[in-house]
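Novice: The structure that follows is given in the form of structure tokens.
The values are calculated or read from the model by the stated rules, or taken from the named source; none is laboratory data. This is a predicted model, so every value here is computed, not measured. Cβ: placed from backbone, ideal geometry, glycine included. Neighbour counts: every protein chain shown.
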Amino acid sequence: MAAARLRLIAAVAIMAAWEALAASGLLFRDVVPSLWYIAKALAITLADPAFYRNLGVTSGEFLMAVSVGGLAGASAGLALGANRFLAAAYERWVHYLAPVPKIIFFPALLLAFGAGPGSKIAMGAISCFFPVAISVASGVRAVRPVLLNVGHGFRATTWQMATKIYLPAVREPLLNGLRLGFGVAAIGILLAETKLSKAGIGFLVMDSYRRFDMPGMYALLILVVLLVAAVNAALTRLNRN
Amino acid sequence: MAVPTLTVEHVTKRFGTTEFGVTAVEDFTFDVAEGEFVSVIGPSGCGKSTLFHIIGGLTGDYQGRVTVGGETVNGPHPAIGMVFQEESTFPWRNVIDNVAFPLELRGVSRAERLERALHYVTMVGLRGFEQRYPAELSGGMRQRVSIARTLAAQPKILLMDEPFASLDEQTRLLLGAKVTQIQQRLRQTTLLITHSLTEAVQLSDRIVVMTFRPGRVRRIVEVRLPRPRGDDILTSPEFGRYVAELWVDLREEANRGLDAAEHLAT
């Protein structure tokens, strides 16, 4: 309770400082617009069907990206974790590629998938793939060998081993990997949309910037932060159950 | 005696290179007849678990031969059901789904496998705990789940590797009595790997005594105690005589094991 009050006081203090800075006239008026203007822009944005259309585009890209990237990452992680040969051949590369900022692949993805949603989905999927694959691979290695022996003893097929033993056994590392993956997929998609696109939230942000609509841009940023926080909270809850 | 249903013929298993290796099991030969309960007993570190994994088809690359019903074992054999020493229930499945696991692998319909699993859950005395998860059970109960799960597969031969090793003495005795009961009822051919003398004598028709490293057959003892064997058998003079007799063999081997350990320590 005390912590919640403290957080509220902190938020109010920051808003007051922002407002004071806006009123001081030290900066260009539009760089730090008054909260009043931002609130108005927020209302306008929320009433604008174009916002929802673009939100739909980004959400669709995001869902496709995490489905493709998550599935590919989980499969690759299972294979790398369970197969020593594959791990020896590929795992090092996965670890090398993982921290590379995926945005440098964007030009290549534009060539391959065009300026539409395809290249954004590919960006998100590639971003999502690595944390999921790495997390699942190490999770597979932590599965107790006796459980695998139980499966082999009952003559489980490779598919049954994967779906009935490995997958449930790595549920936690998989969910953790997916959480990281969702985050970097969102980053990848939004980043790609700000670079070259015709639709999406990232496009809207850049569009308001180009029109020098600072209140509108801040309104969009606030909405993105709220959305990401909501998705994260939902995932945390999913992880706990 | 009936024809042997399981035979182990001149099995030798080495680990490591020829220069720096350990012979875990050497020229090991014995058999188990249908409906018979045989124990392999030996001091810790004598290669019992290696033998278990070889018979279970989980360890390859050994010399000799293991056959089931005349058929050479090459990988896990459908006629053999294994119960492992370590905790081996699936923590993400409740009791009934753990027990139904082998049936699920075979594609038995959900209704039928639950019914059949319930039968074995009841047999090991866990009726009423079907919906519980392993984390909510005691170690002894979890081991009973593992035993029920293996029985649900209806193996011709039940192969157990010190299934009671991690349990306390009382639980072990109670579970031993339970296993005898089940074995009598199902006329289940069973091979038990153990280091416990009382367990071996209480449960077995024959006991194979193993030497310490390399593990060879030291002696095969026939236990001529009447069946069914209840708890009262534990206090009978015949029981004590068997235990004492076996202890003479086992003590020698266990001492060799201790010497080897001290030798390593110095």
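Novice: Of the conditions (1) in contact (Cβ under 8 Å) with a residue 12 or more places away in the chain; (2) part of a helix (DSSP H, G or I); (3) more than 14 Å from chain A (Cβ to nearest Cβ); (4) surrounded by fewer than 21 Cβ atoms within 10 Å (Cβ to Cβ), B:L51 clears all except one; give me its number.
Specialist: Here B:L51 clears every test but (4).
Novice: Turning to a different aspect of this structure: Can you go through A:F113, A:F154 and tell me which one is surrounded by 22 or more Cβ atoms within 10 Å (Cβ to Cβ), on the phi < 0 side of the Ramachandran plot and either more than 14 Å from chain B (Cβ to nearest Cβ) or in contact with a strand residue (DSSP E or B) (Cβ under 9 Å, 6 or more places away or on another chain) (or both)?
Specialist: Details: A:F113 fails: surrounded by 22 or more Cβ atoms within 10 Å (Cβ to Cβ).
Selected residue: A:F154, the only one of A:F113, A:F154 that is surrounded by 22 or more Cβ atoms within 10 Å (Cβ to Cβ), on the phi < 0 side of the Ramachandran plot and either more than 14 Å from chain B (Cβ to nearest Cβ) or in contact with a strand residue (DSSP E or B) (Cβ under 9 Å, 6 or more places away or on another chain) (or both).
Novice: With region A:57-162 as the region, which helices (runs of 4 or more DSSP H) entirely inside it contain at least 2 residues that are out of contact with any His (no Cβ under 6 Å at 6 or more places or on another chain) and touching a residue at least 40 places away in the same chain (Cβ under 8 Å)?
Specialist: Numbers: elements: A:92-97, A:106-113, A:117-141, A:145-153.
Correct list: A:106-113, A:117-141.
Novice: Going by what's in this entry, would B:R132 be described as basic (K, R) and more than 29 Å from B:P4 (Cα to Cα)?
Specialist: Details: basic (K, R): yes; more than 29 Å from B:P4 (Cα to Cα): yes.
Criteria met by B:R132.
Novice: Further, regarding this structure: Which count do you get for residues in region B:80-125 that are assigned to a strand (DSSP E or B) and more than 7 Å from chain A (Cβ to nearest Cβ)? Steps first, please.
Specialist: Applying the first criterion (assigned to a strand (DSSP E or B)) to region B:80-125 yields B:80-83.
Now narrow it down to the ones that are more than 7 Å from chain A (Cβ to nearest Cβ): B:80-81, B:83.
Final tally of qualifying residues: 3.
Novice: Out of B:R149, B:R144, I need the residue that is in contact (Cβ under 8 Å) with a residue 60 or more places away in the chain and either part of a helix (DSSP H, G or I) or outside the structural domain of B:L174 (by TED's automatic domain parsing) (or both). Which one? Step through it out loud before you land on a result.
Specialist: Values: B:R144 fails: in contact (Cβ under 8 Å) with a residue 60 or more places away in the chain.
Sole residue among the options that is in contact (Cβ under 8 Å) with a residue 60 or more places away in the chain and either part of a helix (DSSP H, G or I) or outside the structural domain of B:L174 (by TED's automatic domain parsing) (or both): B:R149.
Novice: Tell me yes or no: at least one residue of region B:221-235 is at negative phi, among the charged types (D, E, K, R), surrounded by 13 or more Cβ atoms within 10 Å (Cβ to Cβ) and touching a strand residue (DSSP E or B) at 6+ places or on another chain (Cβ under 9 Å).
Specialist: As a first pass, look at region B:221-235 and keep what is at negative phi: B:221-235.
When the remaining residues are screened for being among the charged types (D, E, K, R), the result is B:222, B:224, B:227, B:229, B:231-232.
Then keep just the ones that are surrounded by 13 or more Cβ atoms within 10 Å (Cβ to Cβ); that gives B:229.
Add one more test, that the residue is touching a strand residue (DSSP E or B) at 6+ places or on another chain (Cβ under 9 Å), and what stays is none.
No, the conditions are met nowhere in region B:221-235.
Novice: Does region B:220-236 hold any residues that are more than 16 Å from B:L191 (Cα to Cα) and either part of a loop (DSSP other than H, G, I, E, B) or modelled with pLDDT of 90 or more (or both), and which are they? Write out each step before concluding.
Specialist: The first filter runs over region B:220-236 and keeps only residues more than 16 Å from B:L191 (Cα to Cα), leaving B:224-236.
Answer for region B:220-236, where residues must be more than 16 Å from B:L191 (Cα to Cα) and either part of a loop (DSSP other than H, G, I, E, B) or modelled with pLDDT of 90 or more (or both): B:R224, B:L225, B:P226, B:R227, B:P228, B:R229, B:G230, B:S236.
Novice: Is it true that B:L264 is part of a helix (DSSP H, G or I) and surrounded by 11 or more Cβ atoms within 10 Å (Cβ to Cβ)?
Specialist: Numbers: part of a helix (DSSP H, G or I): yes; surrounded by 11 or more Cβ atoms within 10 Å (Cβ to Cβ): no.
So B:L264 does not fit the description; no.
Novice: Turning to a different aspect of this structure: Step by step: first the residues of region A:163-179, then only those that are without any contact (Cβ under 8 Å) to a residue 24 or more places away in the chain and at the interface with chain B (Cβ under 10 Å from one of its Cβ atoms), then the one that is farthest from B:G57 (Cα to Cα). Which residue is that? Walk me through it before giving the result.
Specialist: Just the residues of region A:163-179 that are without any contact (Cβ under 8 Å) to a residue 24 or more places away in the chain, to begin with: A:163-165, A:168, A:171.
From what's left, at the interface with chain B (Cβ under 10 Å from one of its Cβ atoms): A:164-165, A:168, A:171.
Numbers: A:K164: 21, A:I165: 19, A:P168: 25, A:R171: 29 Å.
By that ranking, first place goes to A:R171.
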